[in-house]
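One structure below.
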Amino acid sequence: ADVLRSATWLPARFMGLDSRLGTVAEGKVASMVLLRANPLEDVRNAEQIDGVFLRGRYFSRSDLDRLLLEAEELAGQN
């Protein structure tokens, strides 16, 4: 739990943005990672990303894989 707090709520609090970011609550910006397994049971479960909400827009696992492939292709063009 401490690792997750140090990656979410604590930075938002440090930057003075905890009223808008860092936790899931009504009225806050919806940016979060959806995981396949509980990171409280094993922090390595944070690697099992199933989807992402970024500024209220949802990206499924297949969307994320497509975006990663596009980024790799663009990087290979340089």
**Request:** Select from the stretch 48-76 the residues that are closer than 18 Å to V24 by Cα and in contact with a Leu (Cβ under 8 Å, 6 or more places away or on another chain) and list them in ascending order.
**Result:** I49, D50, G51, V52, F53, F59
**Fill in**
Within the stretch 1-27, the residues that are open to solvent by 60 Å² or more (accessible area, probe 1.4 Å), assigned to a loop (DSSP other than H, G, I, E, B) and either closer than 25 Å to L67 by Cβ or not polar (S, T, N, Q) (or both) are A1, T8, M15, R20, V24, E26, G27
**Item:** Residues being modelled with pLDDT of 95 or more and among the hydrophobic types (A, V, I, L, M, F, W, C) - total across the stretch 35-45
**Value:** 2
**Item:** Tally, over the stretch 49-75, of residues that are loosely packed, with under 10 Cβ neighbours inside 10 Å and under 21 Å from L4 (Cα atoms)
**Value:** 2
**Message:** For the stretch 36-47, which positions are without any contact (Cβ under 8 Å) to a residue 40 or more places away in the chain and under 16 Å from V3 (Cα atoms)?
**Reply:** A37, N38, P39, L40, E41, D42, R44, N45, E47
**Per-region count, the stretch 33-43, residues part of a strand (DSSP E or B) and either open to solvent by less than 70 Å² (accessible area, probe 1.4 Å) or touching an Asp or Glu at 6+ places or on another chain (Cβ under 7 Å) (or both)** = 2
**Fill in**
Checking A30, A46 in turn, the sole residue that is open to solvent by less than 60 Å² (accessible area, probe 1.4 Å) and part of a loop (DSSP other than H, G, I, E, B) turns out to be A30
**Item:** Any hit, the stretch 64-71, residues being modelled with pLDDT under 95 and of a type outside the set (A, V, I, L, M)
**Value:** no
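The values are calculated or read from the model by the stated rules, or taken from the named source; none is laboratory data. Nothing here was measured: the structure is a model prediction, and the numbers come from that model. Using ideal geometry, Cβ is built from the backbone for each residue, glycine included, and neighbour counts are taken over all protein chains shown. Accessible surface is based on the protein model in full, side chains and every heavy atom, while ligands, DNA and RNA are left aside. Shrake-Rupley method; radii C 1.70, N 1.55, O 1.52, S 1.80 Å.
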